[in-house]
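Here is the structure we will look at, set down as structure tokens.
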Amino acid sequence: MKNIVVTGNKGPRVRSDCEVRLELRSGGGIIINLESKVKAMYGNSITNLYREGLDYFGIKNAVLDIDDSGALPFVHMARLEAAVKSLIKTDKNWLPPLLEKNIYSSARNRFRFSRLYLPGNTPSMMLNAGLHSPDGIILDLEDSVAPAKKHEARFLVRNALRQVDFYGAERMVRINQGEKGYEDLQYVLPHNVNLILVPKCESGEQIREVAKRAENILDQNNITGDLFFMPIIESAMGVEKAFEIASSVKNVVAIAIGLEDYTADLGVQRTNEGKESLFARMRLVNAAKAARVQPIDSVFSDVSDMEALRTTAMISKSYGFEGMGCIHPRQIQVIKAAFAPEKDELNKALEIVKAFREAEEKGLGVVSIGSKMIDPPVVHRAMRIIELAEKLNLIPGETDNN
Amino acid sequence: MANKMVKNAAGREVVTEINGQKAVPYQGVGKYKPEGRKYAPWISSCADYPDNGDKRVSNIREALVKAGIKDGMTISTHHHFRNGDLLANMLFDAVHELGIKDIRWFPSASFPCHEHLIQYLDDGTIHHIEGSMNGPLGRYVSEGKMKGIAVLRSHGGRYQAVQDGEVEIDIAVIGAPMADPFGNANGLEGDSACGLLGFALADSQYANRVIVVTDNMVPFPCIPWQIQGNYVDFTVEVPRLGLPEEIVSGTTKITKSPDRLLLAELTAKFCDAAGILKDGFSFQSGAGGTSLAVGEFFRTLMKEKGIKARFARGGSNKYLVSMLEEGLVDYILDGQTFDLDGVRSMRENPRHVWTSPFTSYNYHGKGNFAPLVDVAILGATEVDINFNANVVTHSDGYLLHGIGGWQNCLFSKTVILPLPLVRDRVPVIIDRVTTLCGPGELIDVIVTERGIAINPLRKDLMDAVRNSDLPVKTIQELKEEAERLCGRPEKLYNDGKVIAAIKWVDGTVIDVVRKVKV
């Protein structure tokens, strides 16, 4: 039987994390060796935390080597629990307290302009993520986590859901594909997740299965309230099935496209102009609108080029997308600004709606500005722009009531 | 060896004697004003110097011998070459070869490249260091290995110590990227070009013997003469003074860290909301990544508002130079040049002016420039709930940074410290700073990613930003938030021996640093 395991990370570039080496022994009691950047300030409390953890799992004899680069307590807890559960079988979960302010729900139609990916096994990026005001944060268990680290990432993501304040961002988790993904759900769903991203979707059946599994877990844990889904379409087949996926279950609120995998599937290069994915993107937008869900564009991967990001986001908006993924916090404001209505656009909308109201009052059947006739869909679109602007506090004199 | 400790006006237990010299405890901001005449060097007569103006000697060792080097003397050097300095190492190799002991080394700052000198601290060539320490030397001193007590001063405080006679420099060794045989020197041209030589100005004027060392000797006259040859005793040619890539190094890059950029953005927004960013304002520009980023946010805001700054004071680099060249800043009053764009601009642009700690910071001048600056954005390792700040030690007690011009810049009209509230579990706002370097009454605003605290003494700033959407909190609230995230730090009580004294700008002792427990 295996009796030694190592979890977590260390190294010159590792921050806010720790590496834990746990060796179970048959005697000799508990020996803890702590190397820590913050030993002078927190040495005793770190050692005590580990003792408490070992005691919780009923471990009486072990050697623990901890190499700490400034991990917060919830990270230490996740690393230890992952180590323990690699060596012994137990049903107990060593949970840090759930912050009260982390209990909030989401809404079907909330904005999803920007959603920030956080690699699920990298604690240093988690703590301040919400401060950059993304519409959503995604704790990612899928592609950003190395296969060997999948197990420990689940504990870290779970603890982050309980302990990290994301300042009102929609709380999202991207699970793995298939069985691994269903297991992921067990770990995260009891800890107030708003939305699950399902990667590499190619059929409606896939989403129905995830939704069924999720419902079971929520029921078992007596959790009520909505859990939303955002399927990610990343293949030629997925694109063909976009509408089926978007309308698979009622709690799908958005569908996203993943262009790295999609272009790979097509066997073409992904370019900044994106001509190679024009069909897929338009198909996705159309399917989403038909199913009354939000179409969300892929991430933009050059994090240093804010101008190109701005241009890409503007194009994305012009296609009908209602958001993009972010892989760097500095992308958030650029994307938000690009998806918000422009000044001219807003002024025009205000003018149109004003003309519409006046026509209504006068009992006129036809709306016109000057000599130009305004069709009902134009009025409808103008109203949507104003609604958006109101929610974003872009109309002078309006205040935010949320 | 009993050194009486007293509590100074800031409530810190400090020494009353440093390496056998009497020390005055800190008395409060602007309270200590020594009387009498300034220190003056020996009278020299031109009859004693060569008529042809050629003061060259063959090497550093010979220059030291001719300067009359003896055990226990004070030798000064300067940090214009920063982490690319080769001179201090060469110098002490020569001192060591001569068998000289117990030197008081008085650098304007030391860097990791001076790790080479640890052997000379070990063998007694150097008795102790009086100057800012960055990195390995700080670690060495922190662990109690140096014979004497280190003394840390600000750039202005160094000038003060020279002028009021607290430090008598026996031999000043000035590295010059360009010099003539007479001793005129500047930092503008040559392989080791570093911009200006302001930190050596006091030494040239007050040291008993002055040696100029260059790797770029030109025929008389060396123009401009930032250092005047009339103060210089000997000149020496060496093949190489510094490593150019380290002199004008990449330390001056704008941070890419999203969290630091957020801090910088908040800081710039604060300055805007507080009404600081108005036409004709002035600012202190630093070399740290966050400080540089603030400058870039300033640039954007200034363009939007159509305003320009009258002057920027401090370190220059390509970002600041481009603001000068775009007409966003009328003048750069440069104290330290950080990159080749800065050096070029200083050489070519009459609006890019070289300054010295005398003009900018000196306590014994009839005023200085620091209080004329509208806003200074500075760093710190810790701040406490009374806005006191630490800039030299880490929370674990290690002395790892110098003071630089930091204390002097606290006299700016508004002082802002943008600091991450939590840095890998290290909370930046605590009950009491490990080492006091700057009194809270001079520190106006702490900007963190989780909120902005304004010193209650600055009601005007509070009123100015009241109606903004900035996240203003009390410093107590910020401290509690940091503790919620990190946990409450364990109390560190250190009664180890005193290894360093921290001077205030007027020469009084504001705090001491004790040996770390290893």
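The values are calculated or read from the model by the stated rules, or taken from the named source; none is laboratory data. Remember, predicted model here, so these are calculated numbers, not experimental data. Using ideal geometry, Cβ is built from the backbone for each residue, glycine included, and neighbour counts are taken over all protein chains shown.
Annotations for the structure displayed:
- Across segment A:23-35, the qualifying residues are those that are assigned to a strand (DSSP E or B) and surrounded by fewer than 15 Cβ atoms within 10 Å (Cβ to Cβ), and the one among them that is farthest from the other protein chains (Cβ to nearest Cβ) is A:ILE31.
- Of all residues in segment A:316-341, those that are more than 14 Å from every other protein chain (Cβ to nearest Cβ), in a loop (DSSP other than H, G, I, E, B) and either crowded, with 23+ Cβ neighbours inside 10 Å or among the aliphatic types (A, V, I, L, M) (or both) total 3.
- With respect to the stated conditions, A:TYR104 is on the phi < 0 side of the Ramachandran plot and at pLDDT below 95.
- Neighbours by Cβ (under 9 Å, 6+ apart or cross-chain): first from segment A:119-136, more than 10 Å from every other protein chain (Cβ to nearest Cβ) and free of Cβ contacts under 8 Å to residues at least 60 places away in the same chain; second assigned to a helix (DSSP H, G or I) and surrounded by fewer than 23 Cβ atoms within 10 Å (Cβ to Cβ): A:PRO119/A:MET125; A:GLY120/A:LYS149; A:GLY120/A:LYS150
- Here the condition is being more than 30 Å from A:LEU227 (Cα to Cα) and more than 31 Å from the chain's Cα centre (by Cα); of A:GLY11, A:GLY43, A:GLY53, A:GLY70, it holds for A:GLY43 alone.
- Of all the residues in segment B:225-280, those that are buried (at least 21 other Cβ atoms within 10 Å of the Cβ), away from every other protein chain (no Cβ under 14 Å), over 25 Å from the mean Cα position of the chain (by Cα) and part of a helix (DSSP H, G or I) number 2.
- When A:GLU205 is tested against (1) surrounded by 19 or more Cβ atoms within 10 Å (Cβ to Cβ); (2) touching a residue at least 40 places away in the same chain (Cβ under 8 Å), only condition (1) is not met.
- Residue match in segment B:463-486 (condition: closer than 30 Å to A:PRO96 by Cα, at the interface with chain A (Cβ under 10 Å from one of its Cβ atoms) and among the hydrophobic types (A, V, I, L, M, F, W, C)): yes
- Highlighted here are the helices (runs of 4 or more DSSP H) found entirely within segment B:114-166 that include at least 1 residues which are within 17 Å of B:LYS101 (Cβ to Cβ) and not assigned by TED's automatic domain parsing to the domain that holds B:GLY335: B:118-122.
- The residue list B:ILE403, B:ILE332 contains one member that is under 21 Å from the mean Cα position of the chain (by Cα) and over 30 Å from A:GLY43 (Cβ atoms), which is B:ILE332.
- Looking only at residues in segment A:218-257 that are over 15 Å from A:ALA288 (Cβ atoms) and hydroxyl-bearing (Ser, Thr, Tyr), the one that is surrounded by the most Cβ atoms within 10 Å (Cβ to Cβ) is A:SER235.
- Checking each residue in segment A:272-315 for being closer than 21 Å to A:ARG110 by Cβ, charged (D, E, K, R) and surrounded by fewer than 22 Cβ atoms within 10 Å (Cβ to Cβ) picks out A:LYS289, A:ARG292.
- For segment B:344-373, residues that are under 19 Å from the mean Cα position of the chain (by Cα) and in a helix (DSSP H, G or I) total 7.
- Check on B:SER316, at pLDDT 95 or above and polar (S, T, N, Q): no
- Scanning segment A:60-78 for residues that are within 16 Å of A:VAL6 (Cβ to Cβ) and more than 14 Å from chain B (Cβ to nearest Cβ) yields A:ALA62, A:VAL63, A:LEU64, A:ASP65, A:ALA78.
- Segment B:50-61, subset touching a residue at least 60 places away in the same chain (Cβ under 8 Å) and not in a strand (DSSP E or B), residue nearest to B:GLU168 (Cα to Cα): B:ILE60
- Cβ pairs under 8 Å, 6+ apart, first in segment A:36-48 and within 7 Å of another protein chain (Cβ to nearest Cβ) and farther than 13 Å from B:GLY397 by Cβ, second among the acidic types (Asp, Glu) and assigned to a helix (DSSP H, G or I): none
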